[in-house]
Amino acid sequence: MDVEKIKADFQIESSAIKNVILKVKHVPDKGEKITYHLDVDYNILNLEESDSAYHGDLELFIEIKAKSGRKNILEIKLETEAHFKGNKKKISYEQFRDMLELNGLATLSHLSRSYILAFTALSGINPPVRMPLLNIHALREMKNIEKH
């Protein structure tokens with residue numbers, strides 16, 4: 001099937017890891033019970049319009065803390081950013097902004113999730129940290145409540 005016929009009107013142009021911190025205070029033993037606390041936030045950094053497209057930048061903050069019993073064993077802080085583009089001929093500004101929050105966050109969270117899994121595995125953490133899938137709708141609602 002020709003991809004040009006099914007290509008979305010909303011695309012990721014670039015993404016980058018802005019900052020990452022991994023603090024391992026104790027490598028857990030196999031079978032050790034670990035509890036994780038996950039905190040997530042995001043910001044729309046920029047929304048612009050050119051002749052043919054909308055452009056938007058989104059940043060995502062993820063903080064993970066792991067404990068074994070009462071002992072803090074691991075801390076991860078990850079900041080990622082991505083640039084997205086929307087086809088102005090096919091979608092409105094409001095649709096682009098909505099897609100930036102929904103599709104953009106979903107895309108950036110999956111990239112971040114993969115990165116966390118890979119770098120914790122490469123750091124010798126076994127099993128590696130598997131960040132859960134996020135409910136982007138709930139995250140947006142919480143963000144909107146926080147604003148008001």
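The values are calculated or read from the model by the stated rules, or taken from the named source; none is laboratory data. Small disclaimer: the values here were computed from a predicted structure and weren't measured. Glycine gets a Cβ as well: all are built from the backbone with ideal geometry, and neighbour counts include every protein chain shown.
List of remarks:
- Failed condition for residue 16, given (1) under 18 Å from the mean Cα position of the chain (by Cα); (2) within 22 Å of residue 132 (Cβ to Cβ): (2)
- Residue check, residue 90 out of contact with any Pro (no Cβ under 9 Å at 6 or more places or on another chain) and either crowded, with 16+ Cβ neighbours inside 10 Å or touching a residue at least 60 places away in the same chain (Cβ under 8 Å) (or both): yes
- When we screen 122, 133, 117 for residues that are farther than 22 Å from residue 45 by Cβ, surrounded by fewer than 18 Cβ atoms within 10 Å (Cβ to Cβ) and within 11 Å of the chain's Cα centre (by Cα), the only hit is 133.
- Test: residue in segment 104-116 that is within 24 Å of residue 76 (Cα to Cα), touching a helix residue (DSSP H, G or I) at 6+ places or on another chain (Cβ under 6 Å) and in a helix (DSSP H, G or I): yes
- Filter pass, residue 76 being crowded, with 17+ Cβ neighbours inside 10 Å, out of contact with any helix residue (DSSP H, G or I) (no Cβ under 7 Å at 6 or more places or on another chain) and of a type in the set (Val, Ile, Thr): no
- Tallying residues that are at pLDDT 90 or above, part of a helix (DSSP H, G or I) and aliphatic (A, V, I, L, M) within segment 117-148 yields 8.
- For residue 47, the criteria (1) under 23 Å from residue 115 (Cβ atoms); (2) within 19 Å of the chain's Cα centre (by Cα) hold in every case but one, which is (1).
- Counting only residues that are touching a Pro at 6+ places or on another chain (Cβ under 7 Å) and either in contact (Cβ under 8 Å) with a residue 60 or more places away in the chain or not small (Gly, Ala, Ser) (or both), segment 96-148 holds 2 of them.
- Matching residues, segment 54-69, being farther than 30 Å from residue 91 by Cα, modelled with pLDDT of 95 or more and surrounded by fewer than 19 Cβ atoms within 10 Å (Cβ to Cβ): 63, 65
- Any chance residue 30 is among the basic types (Lys, Arg), modelled with pLDDT under 95, under 25 Å from residue 83 (Cβ atoms) and exposed (fewer than 11 other Cβ atoms within 10 Å of the Cβ): no
- Extreme residue, nearest to the chain's Cα centre (by Cα), among residues of segment 51-73 that are of a type in the set (A, V, I, L, M) and farther than 10 Å from residue 34 by Cα: 60
- Extreme residue, farthest from residue 121 (Cα to Cα), among residues of segment 15-27 that are of a type in the set (D, E, K, R) and at pLDDT 90 or above: 18
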